[in-house]
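Note sheet for the following structure.
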Amino acid sequence: MSPVDPILHAPHSLLVQSYAPKDMRDGGTVNADGFGIGWFGDDGQPTRYRCSYPLWSDSAMGRLLEPVRAGAFLAAVRSGTPGMLVAEAACAPFADEDWLFSHNGVVPGWPESVAGLAEAVPVVELLRMEAPTDSALLWLVLRHALDAGADPVEALAELTHRVEAAAPGSRLNFLLVGRKTLVATAWTHALSVRRLGEGVLVASEPCDDHPDWHSVADGESVVARHAHSGQEGTADVAAAASKTTIEIVPLGKERSRA
């Protein structure tokens with residue numbers, strides 16, 4: 001599977017969602033503050049392409065994506081929270097050698113509300129944070145847990161609850177994509193999942209009207225795993241492939257009240 005269809009060619013592709021989204025949850029009207037695409041290629045290494053301008057203005061995207069055959073991919077368009085940096089470095093996916101990450105939502109009271117989350121992260125890593133945004137900090141906290149050996153499903157659930165406790169009312173749809181694992185959370189934002197052949201596609205908004213799309217309930221997460229290389233793709237799109245198993249897992253714990 002090529003990422004070009006859900007990103008550019010589907011009836012409600014990520015491209016369409018950049019200028020005509022259906023469900024923004026009062027988070028703006030368009031996703032015009034940048035975009036990013038990341039994938040794991042045949043060599044198993046992650047590649048990213050990010051820009052601070054709208055996806056619809058990138059005339060080279062089709063030629064860039066057409067030849068891509070990815071073992072896993074993640075794509076996102078951005079509607080920046082007022083007052084936050086609009087720059088390439090603020091656009092998902094954030095990445096290291098093993099993971100691609102995006103956050104669709106907002107953290108109320110940033111940055112004071114979640115300052116405590118940064119206490120466990122080494123100061124040098126904080127100084128190297130890609131951008132002064134909520135999403136970049138949450139990626140840093142998550143990456144620190146993953147580097148320490150945390151299970152990705154448990155780490156993402158724990159991050160969700162820690163942020164919600166610190167900043168009640170947060171919208172926290174996370175996508176974490178690795179070579180063989182995809183984890184996505186639905187927390188006060190829309191999320192849908194579709195089996196696609198032997199793989200799976202996860203998106204904030206379905207990219208077409210196919211009946212195989214299923215809405216993920218608020219407070220649940222999607223966990224997809226596969227044993228061999230395949231496909232993975234967020235306003236946000238993410239996907240996983242061959243011999244993929246899909247689980248819907250409750251995130252647990254009651255939501256904090258503002």
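Every read-out reported here was derived from the displayed coordinates using simple, explicitly stated rules and does not represent laboratory data. Owing to the predicted nature of the structure, the values given are computational and were not obtained by experimental measurement. Here Cβ is always computed from backbone atoms with ideal geometry, including for glycine, and neighbour counts include all displayed protein chains.
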| said: Using DSSP to call loops (not H, G, I, E or B), can you name the trypsin sites (Lys or Arg not before Pro) in region 105-194 whose Cβ has at most 11 other Cβ atoms within 10 angstrom? | reply: ARG128
| task | Can you tell me the alpha carbon radius of gyration of region 105-201 divided by the globular rule-of-thumb value 2.2 N^0.38 Å? | result | 1.13
| query | So how far apart, in nm, are the two label points at ASP43 and ALA217 if each is 7 Å from Cα heading toward Cβ? | reply | 4.5 nm
| note | Inter-part gap, Cα centre of region 130-198 to Cα centre of region 1-20, in whole angstrom, is 23 Å
| task | Among the chymotrypsin sites (Phe, Trp or Tyr not before Pro) in region 153-218, which ones are in a DSSP loop with at most 16 other Cβ atoms within 10 Å of the Cβ? Mind listing them? | result | TRP213
| task | Report the dimensions of region 157-226 along its three principal axes from the alpha-carbon atoms, largest first, rounded to Å. | result | 40, 27, 14
| task | Can you check what the net charge comes to around ALA136, using other residues whose Cβ is under 15 Å from the Cβ of ALA136 (Lys, Arg +1; Asp, Glu -1)? | result | -1
| Diffusion constant of region 1-140 at 10 °C, which comes from Stokes-Einstein with the Kirkwood Cα-pair radius and 1.306 mPa s, µm²/s | 100 µm²/s
| region 4-250: radius of gyration over Cα atoms, expressed as a fraction of 2.2 N^0.38 Å | 0.92
| query | Where does the chain land at 222 nm, in deg cm²/dmol rounded to the nearest 500, when only DSSP H runs of n ≥ 4 count, each adding -39500 (n - 2.57), divided by all residues? | reply | -5000 deg cm²/dmol
